Amino acid sequence: VICPTLRPNESDLTCSWRYRATASDSSFSIPNAGVSTRTFSSFTGVMACRKGCKVNVVSPDVPLGIGLSAEVTGTNQITVRLTNFTGVAVTMPATTYSFEVGE
C-alpha cells in the first residue's frame, strides 16, 4: 500500500499518519561535519504525539548536504537532528519544518 501522505517511494502498510503540523526556527550555524539538534514543543496545526510515535519531517528550507531526521522525544515534543555533510560550516536560514506523526 502506498500512502498519499508519504514522500515518494515510502510506504506504510497501515497508512497511519494521523497528525500534521509545522514548527518554525530561527537562523543558526552548524559547524563543519557537525550535528545540531532543535527541539520543538509548540506547533502550528494539530499535533499529538508521545515517545514511540513515528515521525516524518520535511523542510524545503534545508540546504543540500544537510541530513534531516526527527524523533519524538516526549509528549508533544519532537527533536530534529541536522547533520552537516557539506565539508564546511553552514549557516541555516530561518527554517520551517513540517511533521507527520503516526502511532
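I want to confirm something. Restricting to region 9-29 and keeping residues that are more than 26 Å from VAL90 (Cβ to Cβ) and open to solvent by 80 Å² or more (accessible area, probe 1.4 Å), which single residue is modelled with the lowest pLDDT?
Among those that are more than 26 Å from VAL90 (Cβ to Cβ) and open to solvent by 80 Å² or more (accessible area, probe 1.4 Å), it is ASN9.
Just to be sure I understand the filter: pairs with C-beta atoms under 8 Å, separated by 6 or more residues or on different chains, first member in region 45-58 and over 11 Å from TRP17 (Cβ atoms) and part of a loop (DSSP other than H, G, I, E, B), second member open to solvent by less than 60 Å² (accessible area, probe 1.4 Å) and of a type in the set (S, T, N, Q). Which pairs pass?
As it stands, the answer is MET47/ASN76; ALA48/ASN76; CYS49/ASN76; ARG50/ASN76; LYS51/THR73, since those pairs meet every condition given.
Of everything in region 90-103, what is under 12 Å from the mean Cα position of the chain (by Cα) and open to solvent by 40 Å² or more (accessible area, probe 1.4 Å)? Give them in sequence order. Explain how you work it out, then say what you get.
At the first step, the residues of region 90-103 found to be under 12 Å from the mean Cα position of the chain (by Cα) are 95-101.
Passing the criteria: THR96, SER98.
Among the residues of region 50-103, count how many are closer than 13 Å to ARG38 by Cβ and of a type in the set (A, V, I, L, M).
Of the residues in that region, 10 qualify.
Here is a yes/no grid of residues against (1) of a type outside the set (Phe, Trp, Tyr); (2) loosely packed, with under 14 Cβ neighbours inside 10 Å:
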{"residue": "PRO31", "(1), (2)": "yes, yes"}
{"residue": "SER36", "(1), (2)": "yes, no"}
{"residue": "THR39", "(1), (2)": "yes, yes"}
{"residue": "PHE43", "(1), (2)": "no, no"}
{"residue": "CYS49", "(1), (2)": "yes, no"}
{"residue": "GLY52", "(1), (2)": "yes, yes"}
{"residue": "VAL55", "(1), (2)": "yes, no"}
{"residue": "SER59", "(1), (2)": "yes, no"}
{"residue": "GLU71", "(1), (2)": "yes, no"}
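Just to be sure, is GLY87 open to solvent by less than 70 Å² (accessible area, probe 1.4 Å), of a type in the set (Gly, Ala, Ser) and modelled with pLDDT under 95? Break it down stepwise before answering.
Values: open to solvent by less than 70 Å² (accessible area, probe 1.4 Å): yes; of a type in the set (Gly, Ala, Ser): yes; modelled with pLDDT under 95: yes.
The answer is yes for GLY87.
The values are calculated or read from the model by the stated rules, or taken from the named source; none is laboratory data. Keep in mind it's a predicted model, so treat the numbers as computed, not measured. When we count neighbours, we look across all protein chains shown, and the Cβ atoms used for this are built from the backbone with ideal geometry, even at glycine. Remember, those area values only see protein heavy atoms, side chains included, never the ligands or the DNA or RNA. Shrake-Rupley method; radii C 1.70, N 1.55, O 1.52, S 1.80 Å.
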